[in-house]
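I have placed the structure first, in the form of structure tokens, so that the comments after it can refer back to it.
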Amino acid sequence: MRRTPLAELLQNELERQDFHPRLPGYKRVYEAIRSAIVNRRLPAGSKLPSSRDLARELSASRNMIVAAYDQLQAEGYVSSQTGRLQHLPQPVV
């Protein structure tokens, strides 16, 4: 299966030895996505993969991805509608 660019980016971040090694898995995924957003490696308006797809691509549990997405949404980094992909908000101009 071919990986999405986000999955590649996250996998590279998560495999780094110094990338928050003591945090729980969902926090590591959250930090990797948040960092990619803040550092503009993920442009505004980008669609994030579904939690199922990203979990499969990272060989992680869906619950871990859902928890990371929920935290990102609570902090305003992503928005979503039930049954639809997560989206990065458009920047306010």
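Here, each number is a calculation from the coordinates, and none is a lab measurement. Bear in mind that the values here come from a model prediction, so they are computed numbers and not experimental data. Cβ atoms come from the backbone with ideal geometry, glycine included; neighbour counts cover every protein chain shown.
Taking a ≥ b ≥ c as the square roots of the eigenvalues of the Cα gyration tensor, an a/c ratio below 1.5 marks the stretch 1-80 as rounded.
Here the Karplus curve 6.51 cos²θ - 1.76 cosθ + 1.60, taken at θ = phi - 60°, turns the phi angles of the stretch 62-79 into couplings of 5, 4, 5, 5, 4, 4, 5, 4, 4, 5, 4, 5, 4, 9, x, 7, 9, 10 Hz, with x standing for Gly and Pro. Once both labels are positioned 7 Å from their Cα atoms along Cα-to-Cβ, the gap between D70 and T82 label points is 1.5 nm. Projection of the Cα convex hull of the stretch 12-56, averaged over all directions and equal to a quarter of that hull's surface, yields 3.5 nm². Take each peptide in 46-53, 71-78, count the other Cβ atoms within 10 Å of every residue, and average; sorted highest first, the result is 46-53, 71-78.
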